[in-house]
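The values are calculated or read from the model by the stated rules, or taken from the named source; none is laboratory data. Because the structure is a prediction, the values reported are computed rather than measured. All Cβ positions, glycine included, derive from the backbone under ideal geometry; neighbour counts span all protein chains shown.
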Amino acid sequence: MASSIRVRAIANGETTDVQTLIQHPMDSGFVSDDKGEFIPAHFIQELIFEYDGRKVFVADWGTAVAKDPYVKFSFKGGNKGGELKVSWIDNKGATDTATVKIQ
Amino acid sequence: MTTPRSGSAFKQKDDKEAIKWLYGKTAEPSDKVKLDAPEIAENGAVVPISVTTTLADVTSISFVVPENPNPLAAYYKLPPGTMPSVANRLKMAKTSNVIVIVEAGGKLYSATKEVKVTVGGCGG
């Protein structure tokens, strides 16, 4: 199965710019389907970025993050060729992980 | 699985309660917090919102949409060395203020902007 995570990390002087796009329904639990029944909430709760064994960015999300979430941030201390690890867990316990080299 | 620190804050139905659950204190407005959000969002399902700040020692940033069923949308922990700048995309049920809260040096600072939503993004 293809990864749900698309991540790009680019070294930019002192900082590394990270952009991530994740495929996930992010169902809020407030929307009903064609039959008028509510679609249960299904959303990523935690998204973690690690570099060199330390967390550089942690997102706690609720149901109001848009479908197929996008997030962008920057951190200091990343080196070209270094590996950035991305992982998420949703409210149903599903997880996914990806590792990308800093460009 | 680990429970995010913000777990119960996400379930609150009132923005002030959510902020209290998350931080245990209130934020004061600051012009050092720059919130970028559209004036009008035609599609409330995908509203691009970003924040950046010149404040030092930022440890967390959160996004709150008071008119949503659960106002707390996202909470970001920023370890030392991570820049105090985040861009994301949120859902908005209807026209609402968007509040961003920056935790810096143990204090809370906020910026607020109204986003007019043409078509709501939370259904119902």
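Residues B:GLY81, B:GLY105: which one is over 11 Å from B:ALA37 (Cβ atoms), more than 13 Å from chain A (Cβ to nearest Cβ) and not aliphatic (A, V, I, L, M)?
Exactly one residue qualifies, and that residue is B:GLY105.
Given (1) crowded, with 17+ Cβ neighbours inside 10 Å; (2) out of contact with any Lys or Arg (no Cβ under 7 Å at 6 or more places or on another chain); (3) of a type outside the set (S, T, N, Q), where does B:LEU108 come up short, assuming only one miss?
For B:LEU108, the exception is condition (2).
Looking only at the stretch B:84-102, count how many residues are within 13 Å of another protein chain (Cβ to nearest Cβ) and of a type in the set (S, T, N, Q).
So the count comes out to 3.
In the list B:THR26, B:THR82, B:THR59, B:THR53, which residue meets the criterion of being of a type in the set (Val, Ile, Thr), modelled with pLDDT under 95 and over 17 Å from A:PHE30 (Cβ atoms)?
B:THR26
Contact list please: Cβ distance under 8 Å, first residue in the stretch A:25-40 and free of Cβ contacts under 8 Å to residues at least 60 places away in the same chain, second residue hydroxyl-bearing (Ser, Thr, Tyr) and in a loop (DSSP other than H, G, I, E, B), pairs at least six apart or on different chains.
A:MET26/A:THR63; A:ASP27/A:THR63; A:SER28/A:THR63; A:GLY29/A:THR63; A:PHE30/A:THR63
When the residues of the stretch A:41-68 are narrowed to those that are part of a loop (DSSP other than H, G, I, E, B) and in contact with a strand residue (DSSP E or B) (Cβ under 7 Å, 6 or more places away or on another chain), which ends up surrounded by the fewest Cβ atoms within 10 Å (Cβ to Cβ)?
Within the stretch A:41-68, the match that is surrounded by the fewest Cβ atoms within 10 Å (Cβ to Cβ) is A:ASP68.
Six or more apart or on different chains, Cβ atoms under 7 Å: show the pairs whose first residue is in the stretch A:71-97 and more than 12 Å from A:VAL56 (Cα to Cα) and away from chain B (no Cβ under 11 Å) and whose second is part of a strand (DSSP E or B) and among the aromatic types (Phe, Trp, Tyr).
Sorted first by the residue in the stretch A:71-97, then by its partner, the pairs are A:GLY82/A:TYR51; A:ASP96/A:TRP88.
Quick one: A:GLY36 ticks every box in (1) farther than 23 Å from B:SER50 by Cβ; (2) touching a Phe, Trp or Tyr at 6+ places or on another chain (Cβ under 7 Å); (3) among the small types (Gly, Ala, Ser) bar one, so which box is it?
(2)
Kindly evaluate A:ASP96 against the criterion of being crowded, with 19+ Cβ neighbours inside 10 Å, among the acidic types (Asp, Glu) and either assigned to a strand (DSSP E or B) or at pLDDT 95 or above (or both).
no
From the residues in the stretch A:1-17 that are assigned to a strand (DSSP E or B) and more than 10 Å from chain B (Cβ to nearest Cβ), which one is nearest to the chain's Cα centre (by Cα)?
Checking each candidate, the answer is A:ILE5.
Tally time: how many residues in the stretch B:78-105 are crowded, with 22+ Cβ neighbours inside 10 Å and on the phi > 0 side of the Ramachandran plot?
0
Specify which of the listed residues (A:VAL56, A:VAL7) is aliphatic (A, V, I, L, M) and more than 23 Å from A:LYS92 (Cβ to Cβ).
Testing whether each residue is aliphatic (A, V, I, L, M) and more than 23 Å from A:LYS92 (Cβ to Cβ) leaves just A:VAL56.
If only one of B:TYR75, B:TYR109 is under 20 Å from A:VAL71 (Cα atoms) and aromatic (Phe, Trp, Tyr), which one is it?
B:TYR75
A:SER74 versus (1) crowded, with 18+ Cβ neighbours inside 10 Å; (2) under 10 Å from the mean Cα position of the chain (by Cα): which is the lone unmet condition?
Single failed check for A:SER74: (2).
So, restricting to strands (runs of 3 or more DSSP E) that lie completely within the stretch B:14-76, which ones have at least 2 residues that are surrounded by 15 or more Cβ atoms within 10 Å (Cβ to Cβ) and within 11 Å of chain A (Cβ to nearest Cβ)?
B:47-53, B:58-64
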